[in-house]
Amino acid sequence: MTTKTILRALSGERLPTPPIWMMRQAGRYLPEYRATRAQAGDFLSLCYTPDLAAEVTLQPIRRYGFDAAILFADILLIPQALGSDVWFVTGEGPRLSTITDAAGVAALKPADAVHDKLSPIYQTLRILRRELPAETTLIGFAGAPWTVATYMVAGRGTPDQGPAHAMKAADRAAFSALIDRIADATIEYLSAQVEAGAEVLKLFDSWAGSLKGADFDDFALAPARRIVAALKARHPGVPIIAFPREAGPRYVGFARAVGADCVALDQSVDAGWAAENVQSDGCVQGNLDPRLLVEGGPRLIQETRRIVQAFANGPHIFNLGHGITPDADPDNVHRMIEAVRG
Ligand code: CP3
């Protein structure tokens, strides 16, 4: 029997105090992160330098004692491994070369090319398994194909994922081929993460909310189901968290439909509603509004307690509804943890 609380929650156990970690827990709100990032020079160098990536992964564990550490890397490393140019513009975000048609998809490298480029990421995981406290769970991750595709098609983040929707409308076969190529690479990459020490995997579909109707089925649900099935066949004991952000009513039954062990909820869904309609299927993760870590004060405490209460009758991992922002106050994170555990 495992004593790691995250693994217990993921196996469906209701715990008196929910385990807790935070999306983007290693990040710019922490002065020690900013110092290590400066030492690395830039964001991508930080991702590809195992000692430094492990260091920033460990920083929030040392400061806060979270129940899980999430590998420090980025969802845009897969496009880079498949042959896209990827760079980050400070203060603006990611930039990529664009893929707009079938020829662009055909020019991508095969799935197992990920291992050439991404072996430093596996090394980060090996370091972390050695360095993490015995009670801390190590989470590996990748972006879900739709979300990754939105960046590969547009060449940057977009408010409405317009370019990806346009390619899907113009040539659905070519767009589906892109989704398949990303899914194949994701299976190889996540499988190698498990071999390097990841104990849980999370699939981030940050832009799932912009897929409606049959598009949601074809490009959010089906690829996640295929990735989960392949990983469960290779690594049956490894739990998987799916995060179809802003899926709204489509959160209902999502984990079961894709074969995941847990679904992560964003802050736009009410915890009471989700306890009744989503947690009835198994473990849920979420869903404090990250803005409350900027705001602080009584609302931070009240909302944290309300979420813990709402999910108290079933398996729950406390987390934010999305990543913590650079303007958050590190002391508010202590206050949130105290409200969960205290
Ligand atoms: O602590 C962790 O959560 C682990 C590391 C992690 C990062 N990105 C580090 C990061 C994880 C899990 C991600 C996932 C990721 N990356 C997603 C999915 C989750 C989400 O936020 O919706 C997406 C869409 C990306 C792509 C990405 N990476 C964008 C759009 C940006 C720029 C926006 C921003 O916050 O600056 C990044 C950069 C990034 N990834 C940073 C970090 C800590 C900031 C980079 C910096 O230090 O300047």
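If Glu135 meets every condition in (1) surrounded by fewer than 20 Cβ atoms within 10 Å (Cβ to Cβ); (2) under 17 Å from Phe43 (Cβ atoms) apart from one, which number is that one?
Status for Glu135: all satisfied but (2).
How many of the residues in region 183-207 are under 15 Å from Ile121 (Cβ atoms) and among the charged types (D, E, K, R)?
Selection size over region 183-207: 3.
Residue check: is Gln59 within 22 Å of Arg130 (Cβ to Cβ), within 13 Å of the ligand (Cβ to nearest atom) and not hydroxyl-bearing (Ser, Thr, Tyr)? Reasoning before the result, please.
Numbers: within 22 Å of Arg130 (Cβ to Cβ): yes; within 13 Å of the ligand (Cβ to nearest atom): yes; not hydroxyl-bearing (Ser, Thr, Tyr): yes.
Taking the combined requirement at face value, the residue satisfies it.
Take the residues in region 232-268 that are at negative phi and surrounded by fewer than 16 Cβ atoms within 10 Å (Cβ to Cβ), then tell me which one is nearest to the ligand (Cβ to nearest atom).
Among them, the one singled out is Ser268.
Which of the residues that make up region 35-56 are within 11 Å of the ligand (Cβ to nearest atom) and crowded, with 22+ Cβ neighbours inside 10 Å?
Leu46, Cys47, Ala53, Val56
Of the residues in region 62-72, how many are touching a helix residue (DSSP H, G or I) at 6+ places or on another chain (Cβ under 7 Å) and more than 6 Å from the ligand (Cβ to nearest atom)?
Total satisfying the criteria: 6.
Inspect region 104-114 for any residue being within 25 Å of Lys4 (Cα to Cα) and crowded, with 18+ Cβ neighbours inside 10 Å and give the result as yes or no. It would help to see each step written out before you state the result.
Initially, region 104-114 is screened for residues within 25 Å of Lys4 (Cα to Cα), giving none.
Scanning region 104-114, I find no residue that is within 25 Å of Lys4 (Cα to Cα) and crowded, with 18+ Cβ neighbours inside 10 Å, so the answer is no.
Can you give me the ranges of the helices (runs of 4 or more DSSP H) entirely in region 104-181 with at least 2 residues that are β-branched (Val, Ile, Thr) and touching a residue at least 24 places away in the same chain (Cβ under 8 Å)?
On the way: elements: 114-131, 145-154, 162-170.
Ranges flagged: 114-131, 145-154.
On the given criteria, is Leu118 away from the ligand (no atom under 12 Å from the Cβ), of a type outside the set (Lys, Arg) and touching a Gly at 6+ places or on another chain (Cβ under 6 Å)?
Answer is no for this residue.
I need the full set of residues from region 197-216 which are within 20 Å of the chain's Cα centre (by Cα) and either among the charged types (D, E, K, R) or away from the ligand (no atom under 16 Å from the Cβ) (or both), in order please.
Glu199, Lys202, Asp205, Phe216
Hey, could you check region 325-342 for residues that are part of a loop (DSSP other than H, G, I, E, B), of a type outside the set (Asp, Glu) and out of contact with any helix residue (DSSP H, G or I) (no Cβ under 6 Å at 6 or more places or on another chain) and say which is surrounded by the fewest Cβ atoms within 10 Å (Cβ to Cβ)?
Restricting to residues being part of a loop (DSSP other than H, G, I, E, B), of a type outside the set (Asp, Glu) and out of contact with any helix residue (DSSP H, G or I) (no Cβ under 6 Å at 6 or more places or on another chain), the top hit is Gly342.
Just checking, does region 223-230 include any residue being away from the ligand (no atom under 14 Å from the Cβ), within 27 Å of Ala106 (Cβ to Cβ) and among the basic types (Lys, Arg)?
yes
For region 1-103, which strands (runs of 3 or more DSSP E) that fit wholly inside it have 2 or more residues that are closer than 30 Å to Ser176 by Cα? Steps first, please.
Working: elements: 68-70, 86-89, 93-96.
Result: 86-89, 93-96.
When you look at Arg226, is it under 14 Å from Leu190 (Cα atoms) and over 16 Å from the mean Cα position of the chain (by Cα), yes or no?
Judged against the criteria, Arg226 is a match.
The conditions are (1) surrounded by fewer than 24 Cβ atoms within 10 Å (Cβ to Cβ); (2) within 16 Å of the ligand (Cβ to nearest atom), and Ala142 fails exactly one of them. Which is it?
Every condition holds for Ala142 apart from (1).
No value in this document is a laboratory result; all are computed from the given coordinates. None of the values given here were measured: they were computed from a predicted structure. We place every Cβ from the backbone using ideal geometry, glycine too, and count neighbours over all the protein chains shown.
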